[in-house]
1. When both residues are 6+ apart or on different chains and their Cβ atoms are under 6 Å apart, which pairs have a first residue that lies in the stretch 69-95 and is without any contact (Cβ under 8 Å) to a residue 40 or more places away in the chain and surrounded by 10 or more Cβ atoms within 10 Å (Cβ to Cβ), and a second that is of a type outside the set (D, E, K, R) and part of a loop (DSSP other than H, G, I, E, B)?
2. Which members of the stretch 53-78 meet the condition of being out of contact with any strand residue (DSSP E or B) (no Cβ under 7 Å at 6 or more places or on another chain) and in a loop (DSSP other than H, G, I, E, B)?
3. Mind checking which residues of the stretch 33-52 are in a loop (DSSP other than H, G, I, E, B) and either on the phi < 0 side of the Ramachandran plot or of a type in the set (Phe, Trp, Tyr) (or both)?
4. Looking at the stretch 37-89, which of its residues are among the hydrophobic types (A, V, I, L, M, F, W, C) and over 13 Å from the mean Cα position of the chain (by Cα)?
5. Does any residue in the stretch 25-45 that is over 21 Å from Arg69 (Cα atoms) come within less than 8 Å, Cβ to Cβ, of a residue that is modelled with pLDDT of 85 or more and part of a strand (DSSP E or B) six or more places away or on a different chain, and which pairs are these?
6. Got a sec? Which of Gly30, Gly83, Gly42 is modelled with pLDDT under 85 and either in contact with a Phe, Trp or Tyr (Cβ under 6 Å, 6 or more places away or on another chain) or not charged (D, E, K, R) (or both)?
7. With the checklist (1) at pLDDT 85 or above; (2) in a helix (DSSP H, G or I); (3) surrounded by fewer than 10 Cβ atoms within 10 Å (Cβ to Cβ) in hand, flag the one item Asp20 doesn't pass.
8. On the given criteria, is Asp15 surrounded by 12 or more Cβ atoms within 10 Å (Cβ to Cβ), in a helix (DSSP H, G or I) and modelled with pLDDT under 75?
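The values are calculated or read from the model by the stated rules, or taken from the named source; none is laboratory data. Just so it is clear, the structure is predicted and the values come from calculations on it, not from any experiment. Note that each Cβ is placed from the backbone with ideal geometry, even for glycine, and that neighbours are counted across all protein chains shown.
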Amino acid sequence: MTRARIQLLPEAVEDLRRLDGAARKIVAAGIEKLRTDPELRGRGYARRALSDLCRLLLESTPSVCLFVRAENERAIGLYESIGMKQVGLFRSIVL
């Protein structure tokens, strides 16, 4: 059996700590900075990890959301493969 692990960047861990002490009524969980090591891509690790993470998050919050660049077709395919649906478009301006 192959094991995969989820690594949280230090800023993500700090965000989780802040959320834990913040409002108790959470309406959505947001996922940021999802990345697979290039050497490990295409093996199903991200699909399994993201699917398990979403299932865990949905035990305590009504929805899970993330943002993805429109040109990142591989990531969009991954998200759709675990049942995520596009519900809107978001535009950002970088100054």
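1. Ile76/Val68
2. Glu59, Ser60, Pro62, Ser63, Phe67, Val68, Arg69, Ala70, Glu71, Asn72
3. If the condition is that a residue be in a loop (DSSP other than H, G, I, E, B) and either on the phi < 0 side of the Ramachandran plot or of a type in the set (Phe, Trp, Tyr) (or both), then Leu34, Arg35, Thr36, Asp37, Arg41, Arg43 are the ones that fit.
4. Once the filter is applied, which keeps residues that are among the hydrophobic types (A, V, I, L, M, F, W, C) and over 13 Å from the mean Cα position of the chain (by Cα), the stretch 37-89 yields Leu40, Ala70, Val87, Leu89.
5. none
6. Result: Gly30 is the single residue among Gly30, Gly83, Gly42 that is modelled with pLDDT under 85 and either in contact with a Phe, Trp or Tyr (Cβ under 6 Å, 6 or more places away or on another chain) or not charged (D, E, K, R) (or both).
7. The one condition Asp20 does not meet is (1).
8. Spelling it out, Asp15 is indeed surrounded by 12 or more Cβ atoms within 10 Å (Cβ to Cβ), in a helix (DSSP H, G or I) and modelled with pLDDT under 75.
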